[in-house]
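A short worksheet on the structure shown next.
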Amino acid sequence: MRRKLNEWFKRYAFAEFIGLIFALIFSNVSMLLFGNIILSAFIATWAENFGFYGTIVHRDLTQRKKLKKGKKLKIADYANQLRNTIMEFGPAEYIDSFAIRPFFLSTLPL
């Protein structure tokens, strides 16, 4: 159990932190600009997704490049990364991004 928790922490903790920072910054800026809590909830959700998945994908592509000993990545490498990301996070993330998280981000502050 400890090994799995350590594995999870190494893979996701920093990405979660970056996602949280993105969500906080973009939600506050959108509230200042638009004053609409529903729009702000969607912006925060997508900003968090960008920060989280951007961190994960960047790390995975960096590791892939190290395995290739610094050689330039090919289109197939990027396609494989996209496939792996979709397989890892799947349909649950789509439901979370379009419905669940924006709903809770907009209703709980009220």
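Heavy-atom accessible area per residue, the chain, 1.4 Å probe: how many Å²? Spell out each step's value before the answer.
On the way: 8180 Å² over 110 residues.
Using a 1.4 Å probe on heavy atoms only, each residue of the chain averages 74 Å².
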(request) Measure out, as a whole number of angstrom, how far apart the alpha-carbon centroids of the stretch 19-58 and the stretch 94-110 sit. (result) 12
(request) Go ahead and run the numbers for FRET between Asn80 and Leu5, Cβ-Cβ distance against an R0 of 22 Å, rounding to 0.05. (result) 0.20
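Using the crude model of +1 on Lys and Arg Cβ and -1 on Asp and Glu Cβ, and no other charge, please compute the dipole size for the chain relative to its Cα centre, in debye to 20.
On the way: 16 positive and 8 negative charges, 210 e Å.
That gives the chain a dipole magnitude of about 1020 debye.
Going by average Cβ neighbours within 10 Å, how do the peptides 22-28, 91-97 rank, with the highest at the top? Numbers along the way, then the final one.
On the way: 22-28: 17.6, 91-97: 12.3.
With the highest mean Cβ count within 10 Å placed first, the list reads 22-28, 91-97.
Leaving out ligands, DNA and RNA, what percent of the accessible area of the chain is carbon and sulfur, probe 1.4 Å? Walk me through the numbers before you get to the answer.
Values: 5880 of 8180 Å².
Here carbon and sulfur together make up 72 percent of the probe-accessible area.
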(message) Projecting each Cα onto the charge dipole of the chain (Lys/Arg +1, Asp/Glu -1 at the beta carbon, about the Cα centre), which of Leu20, Phe98, Thr62 comes out farthest on the positive side?
(response) Thr62
(request) Give a residue-ordered list of calculated ³J(HN,Hα) values for the stretch 57-72 (Karplus: 6.51 cos²θ - 1.76 cosθ + 1.60, θ = phi - 60°; whole Hz; x for Gly, Pro). (result) 5, 4, 5, 5, 5, 5, 5, 5, 5, 5, 5, 8, 6, x, 5, 5
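The values are calculated or read from the model by the stated rules, or taken from the named source; none is laboratory data. None of these values were measured; they are calculated from a predicted model. Positions of Cβ are backbone-derived with ideal geometry, glycine not excepted, and every protein chain shown enters the neighbour counts. What goes into the accessible areas is simple: the full protein's heavy atoms, side chains included, and nothing from ligands, DNA or RNA. Shrake-Rupley method; radii C 1.70, N 1.55, O 1.52, S 1.80 Å.
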